[in-house]
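For reference, the structure discussed in these notes is given below.
All of the numbers you see were taken from the coordinates with simple rules; none came from a lab. None of these values were measured; they are calculated from a predicted model. A quick note on method: Cβ atoms are made from the backbone with ideal geometry, for glycine too, and the neighbour counts reach across all protein chains shown.
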Amino acid sequence: MTESPCSRIDPEVMFPHPSDVSGIEFAKQQVCGACHVRAECLEWALNQFSRSDYGIFGGLTEDERKELVKSRQLGKAERLNYGSFPPKNKRLTAAA
Ligand code: SF4
């Protein structure tokens, strides 16, 4: 994670207020969406002692991670499909 996009920006970007919809989408799409360790980051976040940690990890909010944990416990989801992530040569852009 030391070379991930979030390591090169203000850490506050990854911890937007829950009402900050544009900030959440920026972190999920523009930062995590350009990350080559997104899948590993998400698995790391899901396996932490406290799964209610605040912030965006692996492109998901805390609520989305909780839903994924519940789905896995119910056997509905094994692993998210990341398709072609990360997009090649994707660059960070300024927050909207
Ligand atoms: S997936 Fe997002 S939070 Fe995780 S290392 Fe990559 S940029 Fe950072």
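Tabulated results
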item: Debye intensity ratio in log₁₀ form over the Cα atoms of the stretch 5-73, taken at each q of 0.21, 0.23, 0.27 Å⁻¹; result: -0.85, -1.01, -1.30
item: Estimated inter-spin distance, A39 and D10, nm [label 7 Å along Cα→Cβ]; result: 3.3
item: Diffusion constant of the stretch 1-43 at 25 °C, which comes from Stokes-Einstein with the Kirkwood Cα-pair radius and 0.890 mPa s, µm²/s; result: 231
item: Length gained when the stretch E67-H17 is fully extended (0.36 nm per residue, less Cα-Cα span); result: 16.1 nm
